[in-house]
Amino acid sequence: MLTDINSLTGDELKSFENFIHSPYFNRYRTIKKLFQYIKSFHPNVTPKDVYEKNISAAVYGKVKVNSHTIRKLVSDFNKLFEKFLFLERAQKDKAAGAVILLNEFGKKLLWRSYNKKISEIQKYSDSDFGIDEKYYLNKLNFYSEFFMHSHTTISKDTSKISLKKIEYLNLYFVYQTLVFNINYYSDRYTHKAVKRRPPGMIQNVYGFINEHIKYFSKSYPDIMMLYYTSLMTETGDVKYFDALQNYYRRNKKKYDDNLMTMFYVSSVGFLKTRSLREPDRKNVLKLFIFRKKSMEGKYFENFFREGKNIPPFLFFSMVNDAVKLNQTEWAEEFIKIHKTYLLPQYSKDILNITGIILDFFKGDYSDINKNISKVKKSNILHFIYSRLIKMMMLFESGEFPALRREAESMRKYLDRKTKEQTRFDELIRSSYNFLNSIHYLEKIKNNEVNKSSKKFVQFKKDLISGPRMPEYWNWFERSVNIKF
């Protein structure tokens, strides 16, 4: 899409313009004219701006030009845009580009340039080799290339270089194994559905790190973070979360923005899982505090800005958990900043359901019913929450016969979903709790409950923690405190 040019910053747009005007990459005057036309709308190019008739008028001076000609022009432009992005990325990955060039010098037998480039790469700082797995991969690729050259020239440093190659091969393997294990256990639905995993590999990695714990603790804080994250994700044991926090406090000076981002993303991920498995208001509050710090430090932005899209469920839960803590302003700010990281195919639906929830808790009911009608029944998450909101609205408006019908319909829906294999076990459980709680709340409304009874005391306790804690416990608490 020509509207993709909106993603470029002002400086990137200037670089792309130079790229377009380079005769090596583009010799077509029509593409230059198309660029100038689109540039005039940047960064707000709309689909309407790039209709065929508008492109035709801007590039060819005619309202109507053969559609095939326009499609060919747009296709050529998009190919140049892709090539530009590729080269921009290659330039940013300094070490990877240098190793590729090193390899090409060797193929062309340009040994003087080859040796000069090796000396140059050896002077690179660690940051020049990149971050995360790219750092280890770039180091591995460099020492692999260096080893082959030193081996063929019978260099006295061959053994040392070989050791470096093996060291970074091991580090890369350790890093990727930990990442795999975190991904495997972070989604219990996937864990149940996909049984295959490398036998014994993660245990060997755990053992290897434990055996060399001083080495890893001193020099590789990213691997230590993955180590604790993998253990706490796999076991659900809070002692590994505490170990990660302690390691962070002892080694904070080693943490750059990337490591800080990894730290917060890992911590939030564990706390989110814990809040689902162990329903408790304190867990949700602790999770919110980490999320708030993450947003203040722009760590989530850093994470998703690197080409990662925010998962729809994560986006939703961050808004929804904030609402349950009565932090609607924070939720609105989160949506404003992070909605651009949603994939387009999810954006419309998820912004609709989060908008419904926020409107209800802000007391703005004007568009809620209209927006609820847009929720697709095939989306289990959105459908359930839209019905919870509807039931709370019916209760507040005193439409109890309609509320009972809605509750019965929802119970049948949950009964059907319970028999299916879904990733929403915790939501279904808390939704059943919601139905039971709103039924009891109606009895309270009708003065059918003794507020000194054990059942009423237990009902209020369930709004704080435990397996019977309902979804939107904050609303129930507020409703119970109302003098009927």
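Some observations on this one:
- Magnitude of the charge dipole, segment 349-425, Cβ model with Lys/Arg +1 and Asp/Glu -1, debye to 20: 380
- Solvent exposure ordering (accessible area, 1.4 Å, most first) of M148, M318: M148, M318
- Computed on protein heavy atoms with a 1.4 Å probe, the accessible areas place S453, S127, S397, S56 in the order S127, S397, S453, S56, largest first.
- Histogram of C-alpha separations across segment 13-158, 10 Å bin width, %: 10, 29, 21, 16, 16, 7, 2, 0
- Once the Cα gyration tensor of the chain is diagonalised, semi-axes √(5λ) in Å: 50, 36, 17
- When only alpha carbons of segment 17-100 are considered, Rg and Dmax amount to 15.1, 50 Å.
- Pairs from K14/K53; K292/K445; K107/K254 whose Cα-Cα separation, in the structure shown, is over 31 Å: K292/K445; K107/K254
- Here the chain exposes an accessible surface that is 53 percent carbon and sulfur, computed with a 1.4 Å probe and the other protein chains kept in place.
- Dividing the convex hull volume of the alpha-carbon atoms in segment 316-460 by its residue count gives 129 Å³ per residue.
- Relative contact order [Cα under 8 Å, 6+ residues apart], the chain, whole percent: 7
- Counting only alpha carbon atoms, the long axis of helix 328-338 and the longest principal axis of the chain meet at about 30°.
- Solvent-accessible area of K298, all protein chains in place: 110 Å² (probe radius 1.4 Å, heavy atoms, ligands and nucleic acids excluded).
- Computed with every protein chain present, the accessible area of R277 is close to 90 Å² [probe 1.4 Å].
- Derived scalar couplings ³J(HN,Hα) [segment 403-414; Karplus, 6.51 cos²θ - 1.76 cosθ + 1.60; whole Hz; x for Gly, Pro]: 4, 5, 5, 5, 5, 5, 4, 5, 4, 5, 5, 5
- The Cα atoms of segment 255-348 give a gyration tensor whose axes a ≥ b ≥ c have a/c of 1.5 or more with a/b no greater than b/c, which makes the shape oblate.
- Average accessible surface area per residue within the chain, 1.4 Å rolling probe, Å²: 56
- The Rg/Rh ratio of segment 395-484, with both radii computed over alpha carbons and Rh defined as the Kirkwood radius, is 0.98.
- The charge dipole of segment 380-484, taken about its Cα centre with unit charges on the Cβ atoms of Lys, Arg (+1), Asp and Glu (-1) only, comes to about 240 debye.
- Measuring with a 1.4 angstrom probe and ignoring ligands and nucleic acids, E296 comes out at about 130 Å² accessible.
- The residues S275, S373, sorted by heavy-atom accessible surface at 1.4 Å with ligands and nucleic acids left out, run S373, S275 from largest to smallest.
- Rounded tilt (10° steps) of 380-396 against the dominant C-alpha axis of the chain: 30
- Charge dipole (debye, nearest 20) of the chain; +1 at Cβ of Lys and Arg, -1 at Cβ of Asp and Glu: 480
- Expressed in units of 2.2 N^0.38 Å, where N is the residue count, the Cα radius of gyration of segment 40-80 is 1.15.
- Which of V457, P344, F400, positive extreme of dipole for segment 341-479 (C-beta unit charges): V457
- Segment 347-408 and segment 443-471 have Cα centres lying 24 Å from one another.
- Tilt relative to the chain, helix 94-107 - C-alpha long axis, 0 to 90 degrees, to 10: 40
The values are calculated or read from the model by the stated rules, or taken from the named source; none is laboratory data. Everything numeric here is computed off the predicted structure, so don't read it as measured data. Every residue, glycine among them, receives a Cβ derived from its backbone with ideal geometry; neighbour counts consider all protein chains shown. Remember, those area values only see protein heavy atoms, side chains included, never the ligands or the DNA or RNA. Shrake-Rupley method; radii C 1.70, N 1.55, O 1.52, S 1.80 Å.
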